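The values are calculated or read from the model by the stated rules, or taken from the named source; none is laboratory data. The shown structure was predicted, so the numbers you read here are calculated from the model rather than taken from an experiment. No Cβ is skipped: glycine too gets one built from the backbone with ideal geometry, and neighbour counts run over all protein chains shown. These accessible areas exclude ligands, DNA and RNA; they are computed on the full protein's heavy atoms, side chains included. Shrake-Rupley method; radii C 1.70, N 1.55, O 1.52, S 1.80 Å.
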Amino acid sequence: MIAPVYAPRDPDWEARLREAFHAQGMMKTLAAEIVALQPGRVALRAPIRPETSQHHGFAHAALAFALGDNAQGFSAQGLMAPGRGVLTVEMKINLVAPASGEWLIAEAQVERPGRTITATSAEVFAVDSARGAERRRVAMMLGTMIAVDG
């Protein structure tokens, strides 16, 4: 399926998203970074480290969830009017494979924008350079964001 192309309502949307991303303590803790920004589409990545793994050595589901949730929130944020932000009101995750490798990448997009409620989705991939930088889908997510002031 081809993703829709959206026009941002805020001419400074990209600078606003980057500033908000860099102000988040959780993303700093996870050593996450922005891979791509487009209005309504965002990709984030974070390394799989011992601090973010579970007892079998795979990336913890919380890492996949945090990246996917944040990517979806920023995909919605990119379509908000100036002075508006978003908060997550609902998030669902399906973990479909163990997450092993060097990185997790969350690719999110707006499914249906709205003035108050925005529906979003994301896929989370594990990247393993030992397999030639193979990307393997490890999670699928659906979310609902609500517009807030600020």
key: Complete set of residues in the stretch 37-68 that are in a loop (DSSP other than H, G, I, E, B) and of a type outside the set (Gly, Ala, Ser)   = Pro39, Ile48, Arg49, Gln54, His55, His56, Phe58, His60
inquiry  = Tell me yes or no: at least one residue of the stretch 132-140 is part of a strand (DSSP E or B), open to solvent by 30 Å² or more (accessible area, probe 1.4 Å), within 30 Å of Ala7 (Cα to Cα) and at pLDDT 95 or above.
reply    = yes
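Taking the conditions exactly as written (more than 14 Å from the chain's Cα centre (by Cα), surrounded by fewer than 16 Cβ atoms within 10 Å (Cβ to Cβ), modelled with pLDDT of 95 or more and among the hydroxyl-bearing types (Ser, Thr, Tyr)), does Thr29 satisfy them or not? Full working, then the answer.
Details: more than 14 Å from the chain's Cα centre (by Cα): yes; surrounded by fewer than 16 Cβ atoms within 10 Å (Cβ to Cβ): yes; modelled with pLDDT of 95 or more: yes; among the hydroxyl-bearing types (Ser, Thr, Tyr): yes.
For Thr29, the condition - more than 14 Å from the chain's Cα centre (by Cα), surrounded by fewer than 16 Cβ atoms within 10 Å (Cβ to Cβ), modelled with pLDDT of 95 or more and among the hydroxyl-bearing types (Ser, Thr, Tyr) - is met.
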message = Kindly evaluate Arg49 against the criterion of being farther than 24 Å from Met140 by Cβ and more than 14 Å from the chain's Cα centre (by Cα).
response = no
query = When residues of the stretch 37-52 are filtered for being surrounded by fewer than 19 Cβ atoms within 10 Å (Cβ to Cβ) and in contact (Cβ under 8 Å) with a residue 40 or more places away in the chain, how many remain?
reply = 3
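Restricting to the stretch 91-105, and then to whatever is of a type in the set (A, V, I, L, M) and not in a strand (DSSP E or B), can you tell me which residue is least open to solvent (accessible area, probe 1.4 Å)?
Within the stretch 91-105, the first condition is being of a type in the set (A, V, I, L, M), and the residues that meet it are 91, 93, 95-97, 99, 104-105.
If we keep only those that are not in a strand (DSSP E or B) too, we end up with 96-97, 99.
Details: Val96: 76, Ala97: 33, Ala99: 9 Å².
The residue in question is Ala99.
Phe58: surrounded by fewer than 22 Cβ atoms within 10 Å (Cβ to Cβ), among the hydrophobic types (A, V, I, L, M, F, W, C), touching a Pro at 6+ places or on another chain (Cβ under 8 Å) and farther than 20 Å from Ala7 by Cα, yes or no? It would help to see each step written out before you state the result.
Values: surrounded by fewer than 22 Cβ atoms within 10 Å (Cβ to Cβ): yes; among the hydrophobic types (A, V, I, L, M, F, W, C): yes; touching a Pro at 6+ places or on another chain (Cβ under 8 Å): yes; farther than 20 Å from Ala7 by Cα: yes.
Judged against the criteria, Phe58 is a match.
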request  = Starting from the stretch 71-83, keep only residues that are over 10 Å from Arg41 (Cα atoms), then list their pairs with residues that are part of a loop (DSSP other than H, G, I, E, B) whose Cβ atoms are within a distance under 7 Å, requiring at least 6 positions of separation or different chains.
outcome  = Met80/Arg9; Met80/Asp10; Ala81/Arg9; Ala81/Asp10; Pro82/Asp10
